[in-house]
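Enquirer: This is the structure I have questions about; it appears just below.
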Amino acid sequence: MQDSRARKRKASNQLSEYYDTDDRNHVRTVRAWLGQDNASRRQLPGWSPSNYIGLEADVSKREAVVAAFRHAWLAYERDAMGADEYHPISHQGSNLTEAGGIGYTVVDALDTMLLMGLDAEYQRARSWVEHKMTFERDAAFSTFETTIRVLGGLLSAYHLSGGDPLYLTRARDLGDRLLPVFDTPSGLPLPMVNLQRREGVWSQEGHGIVSTAEASTLQLEFRYLSELTDEDVYWKKAERVMAVVKAARMPPGLASIFMDPREGRFVTSAIRLGSRGDSYYEYLLKQFIQTDRTEGVYREMYEDAVGAIHDHLVQKSLTSGLIYTAELIPERNSADPYGELSWRLTPKQDFLVCFFGGNLLLGATRSGALVEDVSVPPRLEELSEMGRRDWNTGVELIRTCLATHDTKTGLAPEIAHFRIPSDNLNGMQNAPGDWYIKGARVGEFPPYDARYMLRPETVESLFIAFRLTGDKRYRDYGWAIFQAIEKHCRIPSGGYATIVNVDEVPVRHEDKMETFFLGETLKYLFLLFSDGDKIPLSKYVFNTEAHPLPIFTPSIRTGFS
Ligand code: DMJ
């Protein structure tokens, strides 16, 4: 990491680079984002109308991403075709259970190939789905991962292939096998499912709890399956979960990261936008968008949650004023386990949280819009007060996520901690400026927090920000991240791998290429450099695994409110 002075300088340069256009109304919008008046805007050294470039494709960068996808896919196909996961250094595949795989990697990658126009690769993958894929596996699979990666991947492939019945048949089969997870006293799903026995499996940990994100990140997929099959059972089961969450909602509008499927209540646990919490907030907005903004209940739940996030989690870093979201950790006095609960604010932000900048921008232009179609970039008068607040926070959160890429590799760590006055780090030699990787010590194996595991969240937000603004700099940032991945994660013999420390060069690899690298990271990068007509945000909503599903007006009306 660079020293704190260099980082501060870089952050202030980034701030000054905030884009503008020479259209008067757009200028007003930008001033509002920056909280600056006309006079100070003129002082911005990095200001240039040319930052607005529209949504034309950048063909050479787009094709570089396609080449990266082929480098990853062809290695997987050569070494591990059909295996759930891929290990590019040992050239092996592995499955999530001993009973055999269900094609996580193949299905996660299908729609990326369709979008990239990789016909030969796609046909081979389709053939695997047709001839080799089976859900007759007598083992417990994650309800959440199977839904977002496999069910979501099949549904998206169905749509993008122009309705190839193979995918709907498979999706329906899988959906039916997943349904028993909802047979709990509350209707909240169980975290695991035995696909062959068609049984939900209670979690071994914490008296059978399920994480909030896992319970509330099935809805886009199950609802679309109902829409396609005209069977409302999938919709109703998924919606019931939302009704339970709504009824259990904690007073300030936030959600703890665990729930109890027996009682349908939140379990006292952390509150955060990172792991186990993240996509709960994402799917509130996306359910509202999926049904063409016809279900006000999700807008209310989303606005309530985002308001509470602003009130309780949004923080500013000490030196450069970087906006981040902290976590709330519940604590009781150890002498009195039944004593009053207090919440400790912890300045820790998972890489996973970086989806939220883009999510806020999307929400500002949908839930926070005063007009049907918000301009690109949005005009001040098109957004409600809440929309403007969320737009500001979204822009700032993206800036913070980019600041965490200020490492020796240009890649961001799995977890960043932010400086607070009570952290006792000031006296240290080379004390970090705004943020740091906790537990990193010279000469020791890097802590888990230091890794980059090919995650998509920052480029996901850059893609959304670019589509909503046409601001060249979001593409530039995305290109810099792509180049860092090429430089540090690419395995010459094929595939890409996790690196164990983003702040160390040369890097050390871990023998793993996550499926979301093909399903999400490279897809969002591809779309970032594609034409705006490729999966337009006005017609599609992405599931949390980046599988685009069409926005529709629902034929099913349940009256949930
Ligand atoms: C993906 O599997 C999904 O985006 C999920 O919601 C959490 N994040 C991983 C990738 O980082």
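The values are calculated or read from the model by the stated rules, or taken from the named source; none is laboratory data. Because the structure is a prediction, the values reported are computed rather than measured. So basically every Cβ, Gly included, is an ideal-geometry build from the backbone, and we count neighbours across all protein chains shown. Areas reflect the complete protein model, heavy atoms only, side chains present, ligands, DNA and RNA absent. Shrake-Rupley method; radii C 1.70, N 1.55, O 1.52, S 1.80 Å.
Enquirer: R0 = 30 Å: FRET efficiency of residue 538 with residue 132, Cβ-based, nearest 0.05?
Expert: 0.20
Enquirer: Could you list the residues of region 351-373 with an amide nitrogen less than 20 Å from a label point located 7 Å from the Cα of residue 476 in the Cα-to-C-beta direction?
Expert: Those under the cut-off are 358.
Enquirer: Within region 350-387, which GluC sites (Glu not before Pro) sit in a loop by DSSP and count at most 11 neighbouring Cβ atoms inside 10 Å? Provide the component values of the computation, followed by the final result.
Expert: Details: sites: 372, 381, 382, 385; in loops: 372.
Of the GluC sites (Glu not before Pro), the ones in loops of region 350-387 whose Cβ has at most 11 other Cβ atoms within 10 Å are 372.
Enquirer: Using a 1.4 Å probe on the protein heavy atoms, what percent of the accessible area of the chain belongs to carbon and sulfur? Intermediate values should be presented prior to the final figure.
Expert: On the way: 9980 of 21340 Å².
The value for the chain is 47 percent carbon and sulfur by accessible area.
Enquirer: Another question, then. Quick one: 3J(HN,Hα) in Hz for region 238-244, Karplus 6.51/-1.76/1.60 with θ = phi - 60°, rounded, Gly and Pro as x.
Expert: The phi angles translate into 5, 6, 4, 4, 5, 5, 5 Hz.
Enquirer: Compute the relative contact order of region 125-185 as a whole-number percentage, counting only Cα pairs closer than 8 Å that sit 6 or more residues apart in sequence. Kindly include the intermediate steps, with their values, before the conclusion.
Expert: Numbers: 20 pairs, mean separation 18.3, N = 61.
Relative contact order comes out at 30 percent.
Enquirer: Further question: Please state the charge dipole magnitude for the chain, taken about the Cα centre, from unit charges on C-beta atoms (+1 on K and R, -1 on D and E), reported in debye and rounded to the nearest 20.
Expert: 1140 debye
Enquirer: Here is a follow-up. In whole Å, what are the extents of region 360-474 along the principal axes defined by its C-alpha atoms, from largest to smallest?
Expert: Sorted from largest, the Cα extents of region 360-474 read 56, 31, 21 Å.
Enquirer: Taking only the Cα atoms of region 344-409, how large is their convex hull per residue, in Å³?
Expert: Values: hull volume 7.0 nm³, N = 66.
Each residue corresponds to 106 Å³ of Cα convex hull volume.
Enquirer: Let me see the P(r) profile for region 494-561: every Cα-Cα distance counted, bins of 5 Å, each bin given as a percent of all pairs.
Expert: Calculated P(r), rounded to whole percents: 3, 13, 16, 15, 14, 11, 10, 8, 3, 4, 2, 0.
Enquirer: Let me ask another. By the scheme Lys and Arg +1, Asp and Glu -1, what is the net charge of all other residues having a beta-carbon under 10 Å from that of residue 371? Please report the intermediate quantities before stating the final value.
Expert: Values: positive: 379; negative: 372, 373, 381, 382.
Surrounding charge for residue 371 is -3.
Enquirer: So if I place +1 on the C-beta of Lys and Arg and -1 on the C-beta of Asp and Glu, and nothing else carries charge, what would the dipole magnitude of region 271-373 be about its Cα centre? I want it in debye, nearest 20.
Expert: Values: 10 positive and 15 negative charges, 68 e Å.
For region 271-373, the charge dipole is close to 320 debye.
Enquirer: Report the Cα centroid-to-centroid distance between region 296-315 and region 234-251 in angstrom, as an integer.
Expert: Computed from Cα coordinates, the inter-centre distance equals 16 Å.
Enquirer: Would you work out the charge dipole size for region 442-538 about its Cα centre, treating the Cβ of every Lys and Arg as +1 and the Cβ of every Asp and Glu as -1, and quote it to the nearest 20 debye? Can you show the working numbers first?
Expert: Working: 12 positive and 15 negative charges, 61 e Å.
Here the size comes out at about 300 debye.
Enquirer: Further, regarding this structure: What number in nm² do you get for region 108-229 if you take the convex hull of its Cα atoms and divide its surface by four?
Expert: Numbers: hull surface 31.0 nm².
Taking the Cα atoms of region 108-229, their convex hull projects to 7.8 nm² on average.
Enquirer: Regarding region 167-273, what whole-number volume in Å³ per residue does the convex hull of its Cα atoms give?
Expert: For region 167-273, the hull spanned by Cα atoms encloses 101 Å³ per residue.
Enquirer: Oh, and also: Structure shown: which of 316/438; 286/523; 286/539; 408/487; 316/408; 316/348 lie over 22 Å apart, alpha-carbon to alpha-carbon? Provide the component values of the computation, followed by the final result.
Expert: Working: 316/438 18 Å; 286/523 19 Å; 286/539 12 Å; 408/487 12 Å; 316/408 24 Å; 316/348 12 Å.
Those over the limit are 316/408.
Enquirer: Using a Förster distance of 60 Å, how high is the FRET efficiency between residue 90 and residue 319, based on the Cβ-Cβ distance and rounded to 0.05?
Expert: Working: r = 43 Å, r/R0 = 0.72.
My answer for the efficiency is 0.90.
Enquirer: Write down the radius of gyration of the chain and its Dmax, each obtained from C-alpha positions, in Å.
Expert: Cα only, the chain: 22.8, 68 Å (Rg, Dmax).
Enquirer: Right, another one. When only Cα pairs under 8 Å and 6 or more residues apart are kept, what is the percent relative contact order across the chain? Could you put the intermediate results ahead of the total?
Expert: On the way: 1087 pairs, mean separation 103.0, N = 561.
Normalised by residue count, the contact order of the chain is 18 percent.
Enquirer: Per residue, how large is the accessible surface of region 204-321? Use a 1.4 angstrom probe and give square angstrom. Present the calculation step by step, with values, prior to reporting the outcome.
Expert: Working: 4030 Å² over 118 residues.
That works out to 34 Å² per residue.
Enquirer: Spin-label point model (7 Å from Cα, Cβ direction): what's the residue 176 to residue 408 distance in nm?
Expert: According to this spin-label approximation, the distance is 5.5 nm.
Enquirer: Could you tell me which Cys residues in the chain have no other cysteine's Cβ under 4.7 Å from their own Cβ, answering none if every one has a partner?
Expert: 489
Enquirer: More than 25 angstrom separation, counting every C-alpha pair in region 206-321; what % is that?
Expert: Values: 1634 of 6670 pairs.
I get 24 percent for the Cα pairs in region 206-321 exceeding 25 Å.
Enquirer: At 1.4 Å probe radius, can you tell me the per residue accessible area of region 422-561 in Å²?
Expert: For region 422-561, the solvent-accessible area averages 37 Å² per residue.
Enquirer: I've got another one for you. Can you pull out the trypsin sites (Lys or Arg not before Pro) in region 386-490 that DSSP calls coil and that have at most 12 other Cβ atoms within 10 Å?
Expert: Details: sites: 388, 389, 399, 408, 419, 438, 441, 451, 467, 472, 473, 475, 487, 490; in loops: 408, 419, 438, 441, 451.
Those satisfying the criteria are 441.
Enquirer: Sort out for me the Cα centre separation of region 68-116 from region 497-561, rounded to whole Å.
Expert: Region 68-116 and region 497-561 have Cα centres separated by 16 Å.
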